[in-house]
1. GNM on the chain, C-alpha springs below 10 Å: top fluctuator among Val50, Val125, Val13?
2. Using label points projected 7 Å from each Cα along Cα→Cβ, tell me how many nm separate Leu164 and Lys15, to one decimal.
3. For an R0 of 30 angstrom, estimate the FRET efficiency from the Cβ-Cβ distance between Ser79 and Arg44 and round to the nearest 0.05.
4. Considering the chain as a Gaussian network with a 10 Å cut-off on Cα pairs, which listed residue, Ala166, Ala108, Ala72, attains the greatest mean-square fluctuation?
5. Search the structure for amide H atoms under 5 Å from the amide H of Leu5, placed 1.01 Å from N in the peptide plane, and list their residues when 5 or more places away or on another chain.
6. Between Lys143 and Leu176, how many nm apart are label points set 7 Å from Cα along the C-beta direction?
7. If one computes the Cα centroid of the range 150-206 and of the range 51-129, what distance in Å separates the two points?
8. Spelling out what I want: for every residue of the range 78-88, take phi, set θ = phi - 60°, compute 6.51 cos²θ - 1.76 cosθ + 1.60 (Karplus), and round to whole Hz; glycine and proline get x.
Amino acid sequence: MEAQLLNTKGEKVGKVDLKDAVFGLKPSKEFLHEYVTIYLANQRQYDTKVKTRTEVSGGGRKPWKQKHTGNARAGSNRSPLWRKGGIVHGPKNVERSLGLPRQKARLALAQALAARQADSGLVFVDEIKISEAKTKNVATILKTLGCAGRTILVLDQPNPKLTLAARNIPNVEIQLAGDLNAYTVLRAKKIVVTQPALEKLGARWN
C-alpha cells in the first residue's frame with residue numbers, strides 16, 4: 001500500500017510505503033470499543049476516600065442507657081445513622097486498573113491507524129521544520145495541509161521549537177511515534193506523520 005508524501009507547502013514530493021499488516025487491517029468497532037473503555041477506565045484517579053465508623057472521632061462509650069429514656073437504642077455516636085458518623089459503602093481510594101495485553105494494545109493502534117487511513121485522516125510529510133518558534137508558522141503549515149479540528153503531529157524525536165510554537169493552537173497536540181496509542185488516534189480528526197516518524201512507527205510491528 002502506498003500514500004502520497006507531501007512537504008509543508010502541500011506539494012507532492014514522493015510516496016511512502018504503508019505496511020498492509022497495519023494500514024490494511026479492517027477495523028473492528030467492538031474491539032476498539034473494548035480498548036477505549038479499558039484505556040479510559042485506567043485514566044481515572046481514585047483519590048477520594050471517606051471514613052468508616054471505625055475511623056471517625058468520637059464514640060467509645062454508650063450515649064445513653066439502653067432502656068427507660070424514650071430514645072431509640074444507641075451503642076455509639078460513630079454510627080452512620082448519626083450526624084458526623086461514619087459513611088457506609090463510600091469510596092476507599094483503591095486503585096482499580098484493568099489489564100490489557102501489549103499485543104491487544106498494538107493491534108488496537110494498528111486498527112485505529114487503518115481506520116484513519118481509510119477516511120483520509122492521515123497526512124504524510126517529509127519533515128516539519130520552522131525557522132522560529134512562532135505560532136503562526138505552525139498554523140500556516142496546518143492550514144496548508146488542510147488540517148482543521150483536532151490534529152496530532154507525530155514526530156520521531158522531541159522538537160522543543162515546534163512544541164513551543166504549537167502549544168497555543170487549540171486542539172493541536174504533538175506526539176512521539178513511540179508514545180502513540182489507539183485512543184489518541186481515534187480522537188483526532190487529522191494526523192500529520194513525518195517520514196522518520198512513520199519508519200519508527202512501522203518498527204513497532206517488526
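1. Of Val50, Val125, Val13, the most mobile in the Gaussian network model is Val50.
2. Those two pseudo-labels are separated by 4.0 nm.
3. Using R0 = 30 Å, I get an efficiency of 0.45.
4. Ala72
5. Amide H to amide H, under 5 Å and 5 or more residues apart or across chains, Leu5 pairs with Val13, Gly14, Lys15, Val16.
6. Taking the two extended label points, one gets 3.2 nm.
7. What the calculation gives is 32 Å, centre to centre.
8. Using θ = phi - 60°, the values come out as 8, 4, x, 6, 8, 5, 6, x, x, 9, 9 Hz.
Computed from the coordinates by the stated procedures, all read-outs in this text should not be read as laboratory data. Predicted model, so just to flag it, every value in this text is computed and none were measured. Don't worry about glycine lacking a Cβ; one is built from the backbone with ideal geometry, like all the others, and counts go over all protein chains shown.
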